[in-house]
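Q: This is the structure I have questions about; it appears just below.
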Amino acid sequence: MDIKIEELLEMIGTLNRFKILEMLRERPLSIEEIAKELNISVPAVLKHLDILEKAKVIESKNVRERSEGRPKKVYYLKYKVIPKFFFDEEITGLEFYIINPKIEEEFYDIEDIRMRKALLKVKLRKLEKKRIKLLKELEMLEKLEDSI
């Protein structure tokens, strides 16, 4: 990740952006969930998310929870950014650790689930055809063995 220290400080420079990053460490969230938790407007959240997305620290995905209705945009961390400050009477040092997080639970929308199910059904049909072919070949070899 090529990001300058100035960009990183600008990115987490506001308390709300820092809080958003902390919230996204817990789980993926929608714009509305973030706005409600921070008690700020949706446009303000969008501004913060835009800055974080341009810095490539977060990403978004459209997720449909039910078969009807519009999908909602859900944001999640692309990288975990962990600041470490060194203090005396003032800040004497600052380090950032950037870690690729593993999303513990993959989150799917209804369309993802339907597509995955369809692909698995196709794979099962192919495997069943192969199984039948192998059984016929085995039967033929057993008949051949019995005739010898």
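The values are calculated or read from the model by the stated rules, or taken from the named source; none is laboratory data. Predicted model only: the values in this text are computed from it and were never measured. Neighbour counts run over all protein chains shown; Cβ positions are idealised from the backbone, glycine included.
Yes/no matrix, rows are residues, columns are (1) touching a helix residue (DSSP H, G or I) at 6+ places or on another chain (Cβ under 9 Å); (2) farther than 19 Å from L21 by Cβ; (3) modelled with pLDDT under 60:
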| residue | (1), (2), (3) |
| --- | --- |
| K54 | yes, no, no |
| S67 | yes, yes, no |
| P71 | yes, yes, no |
| K102 | no, no, yes |
| E111 | no, yes, no |
| R116 | no, yes, no |
| L124 | no, yes, no |
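Q: Among the residues of the range 77-86, is there at least one that is in contact with a Pro (Cβ under 9 Å, 6 or more places away or on another chain) and at pLDDT 70 or above?
A: Yes, the range 77-86 has at least one match.
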